[in-house]
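> Starting off with a structure, shown below.
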Amino acid sequence: MIVYHFTSSEFALRALRDRRLKIARINELNDPFELCAADFTNPDVQTKLEAFKKQVNEQYGVICFCKNYHDPVLWSHYADSHRGVALVFDIPDDTAITIDYRPRRFKLAIDAVLRRGSFEETDLNQLISTKFSSWKYEKEIRMMCRLHDHFCQIDSLGKKVYFESLSLESYGVDTLKLVGLIRGTRCDLKSADIASELLAVDSLPVQNTRMDSASFQIVADETYPVTGVRSFSACCFRV
């Protein structure tokens, strides 16, 4: 499945250089209703839900993508007001979680939760894949990541930061296959900037964007290849 990850130019270059993408922690996502899409009025159930959210945050993270890049609001919110880029990935269909947008909270089998005494991973799929309908413009696709399976660093604040490895389409076995880069309409990232973070054996398809003259959509121009210039040397990872 082809998906798009919006980010700033700075973080895009860092992802190219280090061959990895940061995994977002559940409690850092911008929707306070994450994992709270079910209708819970029982105080006991709400207490169990809070404990479950804490457990999930310690064990899982997500990488967020979009189904397309045409909506200008996506670029405004997630790509530094069109100054950033959309990284184009090909991810396995079986890892892609399509978000279900609903106008109201859904009903979960509360009786089963109470019998078990807690929420379980079987409940996680529906909770992580349901959001309020106002988020529908994002057309979001998520990839869940078990944190203990991934590279971890400690940032300057002493927090654990986890990463998913990526590879270019031509080689590698990583789940994330980087197959392109789309520059925002205000992006000043040059081909030389991109090439400086790619290995000499790499060639990354790049596209520029423009405002469509007949609609409110963002459209991409013809693809051109950018060939890397870096030698095979050790990467200097930064959080």
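The values are calculated or read from the model by the stated rules, or taken from the named source; none is laboratory data. Note that the structure is a prediction, hence the values are computed from the model and not measured. Reconstructed Cβ throughout: ideal geometry from the backbone, glycine too, with neighbour counts over all protein chains shown.
> Restricting to segment 181-197, name every residue that is buried (at least 19 other Cβ atoms within 10 Å of the Cβ) and touching a residue at least 40 places away in the same chain (Cβ under 8 Å). Show your work before the answer.
Pass one, segment 181-197, residues buried (at least 19 other Cβ atoms within 10 Å of the Cβ): 181-184, 187, 189, 194-195, 197.
Hits for segment 181-197 are LEU181, ILE182, ARG183, GLY184, CYS187, LEU189, ILE194, GLU197.
> Restricting the search to segment 132-172, which residues are assigned to a loop (DSSP other than H, G, I, E, B) and closer than 19 Å to SER203 by Cβ? Spell out the reasoning first.
Our first condition is that a residue be assigned to a loop (DSSP other than H, G, I, E, B); within segment 132-172, this holds for 139, 150, 155-159, 169-172.
Answer for segment 132-172, where residues must be assigned to a loop (DSSP other than H, G, I, E, B) and closer than 19 Å to SER203 by Cβ: GLU169, SER170, TYR171, GLY172.
> Please name all residue pairs, on different chains or six or more residues apart, with Cβ atoms under 6 Å, provided the first residue is in segment 48-63 and is closer than 24 Å to VAL3 by Cα and the second residue is hydroxyl-bearing (Ser, Thr, Tyr).
GLY61/TYR162
> Continuing with the same structure: Any chance you could count how many residues in segment 1-49 are among the polar types (S, T, N, Q) and over 20 Å from GLU120 (Cβ atoms)? Working first, answer last.
Step one: of segment 1-49, the residues among the polar types (S, T, N, Q) are 7-9, 27, 30, 41-42, 46-47.
From the residues that got through so far, the ones that are over 20 Å from GLU120 (Cβ atoms) too are 7-9, 30, 41.
Residues that pass the stated criteria total 5.
Rundown of residues vs (1) under 24 Å from VAL173 (Cβ atoms); (2) surrounded by fewer than 18 Cβ atoms within 10 Å (Cβ to Cβ); (3) not basic (Lys, Arg), yes/no style:
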{"position": "ILE2", "(1), (2), (3)": "yes, yes, yes"}
{"position": "SER8", "(1), (2), (3)": "no, no, yes"}
{"position": "ALA15", "(1), (2), (3)": "yes, no, yes"}
{"position": "ALA38", "(1), (2), (3)": "no, no, yes"}
{"position": "ASP44", "(1), (2), (3)": "no, yes, yes"}
{"position": "LEU49", "(1), (2), (3)": "no, no, yes"}
{"position": "HIS70", "(1), (2), (3)": "no, no, yes"}
{"position": "VAL73", "(1), (2), (3)": "no, yes, yes"}
{"position": "ASP93", "(1), (2), (3)": "yes, yes, yes"}
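> Is there any pair linking a residue in segment 107-135 that is closer than 13 Å to PHE33 by Cβ and of a type in the set (D, E, K, R) to one that is modelled with pLDDT of 70 or more and not in a loop (DSSP other than H, G, I, E, B), with Cβ under 8 Å and at least six apart or on different chains, and which?
Correct list of pairs: LYS131/ASP100; LYS131/TYR101; LYS131/ARG102; LYS131/GLU140.
> Within segment 173-196, how many residues are part of a loop (DSSP other than H, G, I, E, B) and modelled with pLDDT of 95 or more? Quick ask: steps written out before the conclusion?
In the first step, residues of segment 173-196 are kept if they are part of a loop (DSSP other than H, G, I, E, B); the result is 173-175, 184-190, 196.
If we keep only those that are modelled with pLDDT of 95 or more too, we end up with 184-190, 196.
The qualifying residues number 8.
> Does HIS82 qualify as being closer than 23 Å to ALA214 by Cα, in contact with a Gly (Cβ under 6 Å, 6 or more places away or on another chain), crowded, with 16+ Cβ neighbours inside 10 Å and modelled with pLDDT of 95 or more? Show your work before the answer.
Numbers: closer than 23 Å to ALA214 by Cα: yes; in contact with a Gly (Cβ under 6 Å, 6 or more places away or on another chain): yes; crowded, with 16+ Cβ neighbours inside 10 Å: yes; modelled with pLDDT of 95 or more: yes.
Answer is yes for this residue.
> Scan segment 120-131 residue by residue and report those that are more than 15 Å from VAL62 (Cβ to Cβ) and not in a helix (DSSP H, G or I).
Within segment 120-131, just GLU120 meets the criteria.
> Which residue is farthest from the chain's Cα centre (by Cα), if the candidates are limited to segment 205-228 and must be loosely packed, with under 14 Cβ neighbours inside 10 Å and hydrophobic (A, V, I, L, M, F, W, C)?
ALA214
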